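Heads up: the structure comes next, in structure tokens.
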2 protein chains.
Amino acid sequence: MRKSIGRLMAILHRQSQIYYNNTLKDLNISSAEYPFLLYLFSRDGASQEEMSCYLNIDKAATARAVKSLEEKGYVTREKADSDKRVNHVFLTEKANEIELAMKKKITGWSDLLTEGMSGESIEEMTQILEEMVNKVEKRNIRNKTEDKR
Amino acid sequence: MRKSIGRLMAILHRQSQIYYNNTLKDLNISSAEYPFLLYLFSRDGASQEEMSCYLNIDKAATARAVKSLEEKGYVTREKADSDKRVNHVFLTEKANEIELAMKKKITGWSDLLTEGMSGESIEEMTQILEEMVNKVEKRNIRNKTEDKR
DNA sequence: CTCAATTGATTGACATATCAACTATTTTAA
DNA sequence: TTAAAATAGTTGATATGTCAATCAATTGAG
């Protein structure tokens, strides 16, 4: 039976969610939430829009994940002065305290996937996946502009 | 910002669901259902357990997807004589009629992803993904047997 | 300037998937 | 042989994500 790229990636995605939910359980962080924290560790104060776009996650899902992180005490939200529609999201001290522990746990998944692969091979793989994402995004933009005509 | 393999695959997975839901809408088939039909086109009469295992999808999700396909008239279910716990799932005539149309639509996604890649490169990519899935499955089996101790 | 279009965020309805608990069978081991 | 364990499937609770509708704020074209 042919194993298609799509099916294989679907399996890896589902399994990754199971993995993250398990390993992050003791930090009280879910598989839906960690990508936002991860992004904020690099770009504290990012807007929800910015994160939605970068992570390719629906803005509704973003709103809910950020709200949940706020309730858990990992982030705070502030409306921008320059544009009151925008929420800037900031890490709390509680979030900074778990940064290393969280990153370590998250790395575990990539390590499992790339176990036994050369650094070169991993780099190439990442490159190809990035190109695939680019193709999809290009197609989405094309379809979107078509909608308006 | 580092684009990790996990994040890229998550994006491609989410986008693929959107793609399949859109393109299969006119056949009244959802992104959750098509993998089962696809499997049955190769192995008509498979059990739910067999499909759950091959597709790495929870047996509860399988039960619901198959039930939905039954309600839509694409499959029928029969309890096995030899083991009354087992459901064998069979394609209906209605399913066979749409086989080609469905496969064509599904191929569209892989084609988009692999556009511009050499056959060799695609083969290599598939190979690597398969190895990743194997590593994850091995780890799952390891954890499972540990649970029993 | 001003009114229509756009944008960022929120909410409700729904789809998909997991986990845990349960039922009904079948298998296994004492 | 029979009681316990395992297996296939179902169901309920819950988590994640999409879409569509809505709101408020901003932008831009005439």
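The values are calculated or read from the model by the stated rules, or taken from the named source; none is laboratory data. Bear in mind the structure is a predicted one, so any value in this text is a computation, not a measurement. Glycine also receives a Cβ, built like all others from the backbone with ideal geometry; neighbour counts cover every protein chain displayed. Accessible surface is based on the protein model in full, side chains and every heavy atom, while ligands, DNA and RNA are left aside. Shrake-Rupley method; radii C 1.70, N 1.55, O 1.52, S 1.80 Å.
Kindly check whether there is at least one residue in the stretch B:124-135 that is within 14 Å of DNA strand C (Cβ to nearest atom) and either within 30 Å of residue A:131 (Cβ to Cβ) or exposed (fewer than 14 other Cβ atoms within 10 Å of the Cβ) (or both). Within the stretch B:124-135, one or more residues are within 14 Å of DNA strand C (Cβ to nearest atom) and either within 30 Å of residue A:131 (Cβ to Cβ) or exposed (fewer than 14 other Cβ atoms within 10 Å of the Cβ) (or both).
From the list B:34, B:74, which one is surrounded by 12 or more Cβ atoms within 10 Å (Cβ to Cβ), of a type outside the set (S, T, N, Q), closer than 17 Å to residue A:9 by Cβ and in the same structural domain as residue B:10 (by TED's automatic domain parsing)?
Values: B:74 fails: closer than 17 Å to residue A:9 by Cβ.
The match here is B:34.
Taking the criterion of being away from DNA strand C (no atom under 12 Å from the Cβ) and within 13 Å of another protein chain (Cβ to nearest Cβ), the only residue of the stretch A:56-76 that qualifies is A:56.
Among the residues of the stretch A:37-47, the ones that are under 18 Å from residue B:10 (Cβ atoms) and either among the acidic types (Asp, Glu) or open to solvent by 30 Å² or more (accessible area, probe 1.4 Å) (or both) come to 3 in all.
This table checks each residue for (1) among the hydroxyl-bearing types (Ser, Thr, Tyr); (2) touching a helix residue (DSSP H, G or I) at 6+ places or on another chain (Cβ under 7 Å); (3) touching a residue at least 60 places away in the same chain (Cβ under 8 Å).
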position: B:17; (1), (2), (3): no, no, no
position: B:22; (1), (2), (3): no, no, no
position: B:36; (1), (2), (3): no, yes, no
position: B:46; (1), (2), (3): no, yes, no
position: B:50; (1), (2), (3): no, no, no
position: B:56; (1), (2), (3): no, yes, yes
position: B:78; (1), (2), (3): no, no, no
position: B:106; (1), (2), (3): no, yes, yes
position: B:113; (1), (2), (3): no, yes, yes
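Any residue at all in the stretch A:81-101 that is under 30 Å from residue B:134 (Cα atoms), touching a Pro at 6+ places or on another chain (Cβ under 8 Å) and more than 10 Å from DNA strand C (Cβ to nearest atom)? There is no residue in the stretch A:81-101 that is under 30 Å from residue B:134 (Cα atoms), touching a Pro at 6+ places or on another chain (Cβ under 8 Å) and more than 10 Å from DNA strand C (Cβ to nearest atom). Among residues that are more than 13 Å from DNA strand C (Cβ to nearest atom), under 27 Å from residue A:56 (Cα atoms) and open to solvent by 70 Å² or more (accessible area, probe 1.4 Å), residue B:25 is not included.
So which residues in the stretch A:83-104 are open to solvent by 50 Å² or more (accessible area, probe 1.4 Å) and over 19 Å from residue A:51 (Cα atoms), if there are any at all? Result: A:93, A:94, A:97, A:100, A:104.
Quickly run through the stretch B:111-149 and pick out the residues that are under 16 Å from residue A:12 (Cβ atoms) and among the polar types (S, T, N, Q).
Looking only at the stretch B:111-149, we keep the residues that are under 16 Å from residue A:12 (Cβ atoms), and these are B:113, B:125-140.
The answer is B:126, B:127, B:134, B:140.
Those helices (runs of 4 or more DSSP H) of the stretch B:8-124 in which 3 or more residues are among the polar types (S, T, N, Q) occupy B:93-114.
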